[in-house]
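Enquirer: Just dropping this structure here.
The values are calculated or read from the model by the stated rules, or taken from the named source; none is laboratory data. Small disclaimer: the values here were computed from a predicted structure and weren't measured. Here the Cβ positions follow ideal geometry from the backbone for every residue, glycine too, while neighbour counts run over all protein chains shown. Please note that ligands, DNA and RNA were not included when accessible areas were found on the heavy atoms of the full protein model with its side chains. Shrake-Rupley method; radii C 1.70, N 1.55, O 1.52, S 1.80 Å.
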Amino acid sequence: MSRTHTTPIQHLARFLLCSAIIVVELFGIHFPIVNHVGIHLPVPAAVAATRAAHRVHDTDGGIYWPQGQALPRFASPEELDVARVTDQPGDLCLLLATLQGLVNRNRPQIYLEEGQPAEGVDTWLQSLGIPYIMHADPWEVIYKYIATARGVIVYDPNIIDTVNVATTMAGLYDGVVVSPQLLKRLTGTTYNMPILADLRGKFSSNLQADIWQVKNLWPLASHRLLIGLLPTTPSRLLGRVTTYGYLRDYAVANRAMVFWFSLQSPTQAALFRQVLAGVKPGTPYLGWYDKEFRGVRLTSSYGVYTIAADYFSNLTVFSGVRAPSLIQRIVPTPPLRNKIYLTFTMSEGDNFQYVQHTMRHLWDDPERGQVPLNWSINPLLYDAAPTILNHYQLTASANDYLVAGPSGGGYVYPSNWLFSNLNSFMRQSSTYMRKTGLHVVFILDDRLAIPSYVSKAYSDYAHTSGILYNWWNPTSYTTIATGNMPVSTQVTATSRQEMLNAIRLSASRWNRRSPLFLSALAISWSLSPTDIKYVADHLGPNYVVVRGDQYFKLFRQARGLPAAQY
């Protein structure tokens with residue numbers, strides 16, 4: 001589309017903003033951050049003091065985040081400018097994502113079509129129902145909104161962790177992140193952007209940049225959420241690693257610190273612990289780790305829960321578009337007979353990016369709905385992406401059943417939590433499970449059996465009919481844990497034959513005198529509804545496949561337990 005020429009207005013806005021900055025600096029309202037690497041950035045003293053003292057914010061621009069709400073909600077978008085960057089260099093995606101965070105902080109207006117998502121580049125855009133203007137040239141969006149930024153922050157390609165340092169700065173100082181290659185264009189006559197900080201040559205190593213960020217930026221950043229992102233990612237377009245956007249809009253909008261600490265490095269692991277010690281239990285960590293199990297164990301030990309989201313696109317938009325949460329369809333439970341009852345669950349539902357991308361692709365499998373199947377999902381989508389949650393609720397068949405987790409309202413290993421923190425986490429999870437109509441919870445832990453205090457916490461607070469439990473167990477069995485809580489330990493499989501073998505091994509102990517209850521976890525990166533139907537079709541007449549709610553209702557009936565109370 002043609003460009004709208006608004007250059008005079010942009011220059012006037014920037015002139016007024018810069019004039020205001022000069023005036024307040026003359027009167028001492030700003031003070032500089034000065035340190036051994038020579039980076040000077042003016043920060044409003046009053047704002048800095050407030051953030052350091054409280055480390056939280058209830059409102060910031062159009063963001064609404066009261067205490068007790070798990071994740072922030074953004075203002076409702078009225079119209080979106082859509083930039084397609086599926087085939088664009090990573091540094092341009094990074095620039096646009098940081099600009100998106102600044103703009104969408106007040107009201108979502110920028111939407112990025114990035115990468116090659118499994119569901120298609122515009123699938124969710126069409127589902128949002130928000131009017132939009134498509135820009136084939138992403139520079140049109142930059143031209144329209146660049147006046148929102150105070151200036152540019154240049155990262156150092158030779159010290160790649162400065163990508164994350166620069167992203168943190170962008171949120172704190174209302175800037176956009178640029179590569180040296182884009183710097184000339186942004187500071188040229190068309191855009192005339194000032195340089196807020198140039199990180200080239202400021203650090204001798206990635207570790208020095210990380211330490212500097214924790215010392216100088218972490219005290220000023222929001223302490224209500226943590227963002228863990230690799231500074232670069234492999235690019236199929238360029239055939240090499242490159243910078244990227246994705247979750248960085250959310251980090252900038254919420255003034256969060258963006259970091260990546262390898263848990264294989266003792267020094268970086270110590271930095272990670274320092275950051276975790278600075279937040280309250282119940283804080284979300286969005287992003288990922290270099291080692292999943294180490295990362296989830298570490299964050300769980302501090303009462304921090306994980307939301308895998310490093311490849312989630314446009315979270316600042318999805319957190320603003322409203323949609324109702326629907327009650328799941330109730331279906332009749334088959335009569336209890338002397339059979340093997342089996343329930344299948346798709347993995348990965350805690351993972352925001354999976355729910356946005358791969359799950360939407362799996363959901364469109366033509367065989368979905370042919371066999372009862374549980375779909376794990378994160379109830380915190382109620383805050384973060386109501387339209388995504390609503391889509392699955394609205395289009396679920398009678399055989400599709402949504403379950404919470406793992407392991408409730410966020411990915412945790414419950415046995416690694418302090419008991420008091422676990423109770424608090426379960427209270428929050430319970431609140432969001434009720435809001436989203438989820439009555440079965442799927443737990444991942446790093447023990448083969450669920451500890452009694454963990455089952456008690458879920459029994460006391462989750463108000464669930466049962467627990468699906470997993471730690472790559474060799475066989476499935478269902479028991480009654482503390483608090484009369486049914487717990488079904490799952491077998492896990494990544495292929496059809498592996499799934500059939502694991503189920504048959506577990507069923508080999510059936511005495512044929514009473515019902516047997518088995519559960520199985522399908523790894524969603526490898527298996528689909530078509531695969532589950534294949535497995536179900538090859539089990540034989542002694543098996544009855546049911547949804548998770550039916551499964552625990554039948555188990556309770558077989559064991560004489562009271563019906564679940566929601």
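Enquirer: Restricting to region 505-515, name every residue that is surrounded by 16 or more Cβ atoms within 10 Å (Cβ to Cβ) and out of contact with any helix residue (DSSP H, G or I) (no Cβ under 6 Å at 6 or more places or on another chain).
Expert: Scanning region 505-515 gives Ser506, Ala507.
Enquirer: Here is a further query. Can you pull out every residue in region 307-332 that is more than 19 Å from the chain's Cα centre (by Cα) and within 21 Å of Arg107 (Cα to Cα)?
Expert: The one that is more than 19 Å from the chain's Cα centre (by Cα) and within 21 Å of Arg107 (Cα to Cα): Pro324.
Enquirer: Provide a single number: the residues in region 194-212 that are open to solvent by less than 10 Å² (accessible area, probe 1.4 Å) and touching a Leu at 6+ places or on another chain (Cβ under 9 Å).
Expert: Matching residues across region 194-212 total 3.
Enquirer: Same structure again: Counting only residues that are under 19 Å from Tyr143 (Cα atoms), part of a helix (DSSP H, G or I) and out of contact with any strand residue (DSSP E or B) (no Cβ under 6 Å at 6 or more places or on another chain), how many does region 181-224 have?
Expert: Summing the residues that are under 19 Å from Tyr143 (Cα atoms), part of a helix (DSSP H, G or I) and out of contact with any strand residue (DSSP E or B) (no Cβ under 6 Å at 6 or more places or on another chain) in region 181-224 gives 5.
Enquirer: Consider Ala70 against the criteria (1) small (Gly, Ala, Ser); (2) closer than 15 Å to Arg255 by Cβ; (3) at pLDDT 95 or above: it satisfies all of them except one. Which criterion is unmet?
Expert: Of everything listed in (1) small (Gly, Ala, Ser); (2) closer than 15 Å to Arg255 by Cβ; (3) at pLDDT 95 or above, Ala70 misses just condition (2).
Enquirer: Out of region 441-481, which residues are of a type in the set (A, V, I, L, M, F, W, C) and on the phi > 0 side of the Ramachandran plot?
Expert: Within region 441-481, just Trp472 meets the criteria.
Enquirer: Looking at region 103-128, I want the residues that are among the aromatic types (Phe, Trp, Tyr) and have a partner that is in a helix (DSSP H, G or I) with Cβ atoms under 6 Å, at least 6 apart or on another chain. Which pairs are those?
Expert: If the second residue must be in a helix (DSSP H, G or I), the pairs left are Tyr111/Val317.
Enquirer: Is it fair to say Val454 is open to solvent by 10 Å² or more (accessible area, probe 1.4 Å), more than 20 Å from Leu286 (Cβ to Cβ) and among the aliphatic types (A, V, I, L, M)?
Expert: Taking the combined requirement at face value, the residue does not satisfy it.
Enquirer: Just the residues that are open to solvent by 20 Å² or more (accessible area, probe 1.4 Å) and either among the polar types (S, T, N, Q) or in contact with a Phe, Trp or Tyr (Cβ under 8 Å, 6 or more places away or on another chain) (or both), please, taken from region 243-256.
Expert: Of everything in region 243-256, just one residue is open to solvent by 20 Å² or more (accessible area, probe 1.4 Å) and either among the polar types (S, T, N, Q) or in contact with a Phe, Trp or Tyr (Cβ under 8 Å, 6 or more places away or on another chain) (or both), namely Tyr246.
Enquirer: Same structure, new question: Please find, within region 117-151, the residue that is nearest to Ala197 (Cα to Cα) out of those that are open to solvent by 10 Å² or more (accessible area, probe 1.4 Å) and among the aliphatic types (A, V, I, L, M).
Expert: Step by step, filter region 117-151, then rank; the result is Ala147.
Enquirer: What about Thr299, is it within 17 Å of the chain's Cα centre (by Cα) and either closer than 21 Å to Thr233 by Cα or not in a strand (DSSP E or B) (or both)?
Expert: Yes, satisfied.
Enquirer: Now, a different point. Check Leu527 against each of (1) farther than 26 Å from Ser429 by Cβ; (2) surrounded by fewer than 17 Cβ atoms within 10 Å (Cβ to Cβ) and name the one condition it does not meet.
Expert: Of the numbered conditions (1) farther than 26 Å from Ser429 by Cβ; (2) surrounded by fewer than 17 Cβ atoms within 10 Å (Cβ to Cβ), the odd one out for Leu527 is (2).
Enquirer: Would you tally the residues in region 348-362 being open to solvent by less than 10 Å² (accessible area, probe 1.4 Å) and either over 15 Å from the mean Cα position of the chain (by Cα) or without any contact (Cβ under 8 Å) to a residue 60 or more places away in the chain (or both)?
Expert: So the count comes out to 1.
Enquirer: Ok, one more. Determine if region 432-451 includes at least one residue that is charged (D, E, K, R), in contact with a Gly (Cβ under 8 Å, 6 or more places away or on another chain) and at pLDDT below 95.
Expert: No, the conditions are met nowhere in region 432-451.
Enquirer: Starting from region 275-293, keep only residues that are assigned to a loop (DSSP other than H, G, I, E, B), then list their pairs with residues that are β-branched (Val, Ile, Thr) whose Cβ atoms are within a distance under 7 Å, requiring at least 6 positions of separation or different chains.
Expert: Going by the 7 Å Cβ cut-off, the qualifying pairs are Val279/Val304; Thr283/Val304.
Enquirer: Of the residues Ser235, Ser313, Ser262, which is over 17 Å from Tyr413 (Cβ atoms) and modelled with pLDDT under 95?
Expert: Checking each option against the conditions leaves just Ser235.
Enquirer: Something else now. With the requirement that a residue be buried (at least 24 other Cβ atoms within 10 Å of the Cβ) and outside any loop (DSSP other than H, G, I, E, B), what does region 363-381 give you?
Expert: The answer is Leu373, Asn374, Trp375, Ser376, Ile377, Leu381.
Enquirer: Can you tell me how many residues within region 389-435 are of a type in the set (Val, Ile, Thr) and surrounded by fewer than 24 Cβ atoms within 10 Å (Cβ to Cβ)?
Expert: 2
Enquirer: Within the bounds of region 315-324, is there any residue that is in contact with a Lys or Arg (Cβ under 8 Å, 6 or more places away or on another chain) and in a loop (DSSP other than H, G, I, E, B)?
Expert: Taking every residue of region 315-324 in turn, at least one turns out to be in contact with a Lys or Arg (Cβ under 8 Å, 6 or more places away or on another chain) and in a loop (DSSP other than H, G, I, E, B).
Enquirer: Another question, then. Give region 382-418 a look and list any residue that's under 19 Å from Leu444 (Cβ atoms) and part of a helix (DSSP H, G or I), or say none.
Expert: Correct list: Pro414, Ser415, Asn416.
Enquirer: Restricting attention to region 152-189, which residues are among the small types (Gly, Ala, Ser) and surrounded by fewer than 20 Cβ atoms within 10 Å (Cβ to Cβ)?
Expert: Gly188
Enquirer: Also, I was wondering about something else. Scan region 322-344 and tell me whether some residue there is open to solvent by less than 10 Å² (accessible area, probe 1.4 Å), touching a residue at least 60 places away in the same chain (Cβ under 8 Å) and closer than 20 Å to Gly68 by Cα.
Expert: Among the residues of region 322-344, not one is open to solvent by less than 10 Å² (accessible area, probe 1.4 Å), touching a residue at least 60 places away in the same chain (Cβ under 8 Å) and closer than 20 Å to Gly68 by Cα, which makes the answer no.
Enquirer: Could I ask something else about it? Within region 150-169, does at least one residue satisfy the condition of being on the phi < 0 side of the Ramachandran plot, of a type in the set (Ser, Thr, Tyr) and not in a helix (DSSP H, G or I)?
Expert: Checking region 150-169: at least one residue is on the phi < 0 side of the Ramachandran plot, of a type in the set (Ser, Thr, Tyr) and not in a helix (DSSP H, G or I).
Enquirer: Still on this structure: Out of all the residues in region 85-116, which are open to solvent by 10 Å² or more (accessible area, probe 1.4 Å), among the acidic types (Asp, Glu) and not in a loop (DSSP other than H, G, I, E, B)?
Expert: Asp91
Enquirer: Looking only at region 508-530, decide whether some residue is assigned to a helix (DSSP H, G or I), closer than 22 Å to Pro334 by Cβ and of a type outside the set (Phe, Trp, Tyr).
Expert: Yes.
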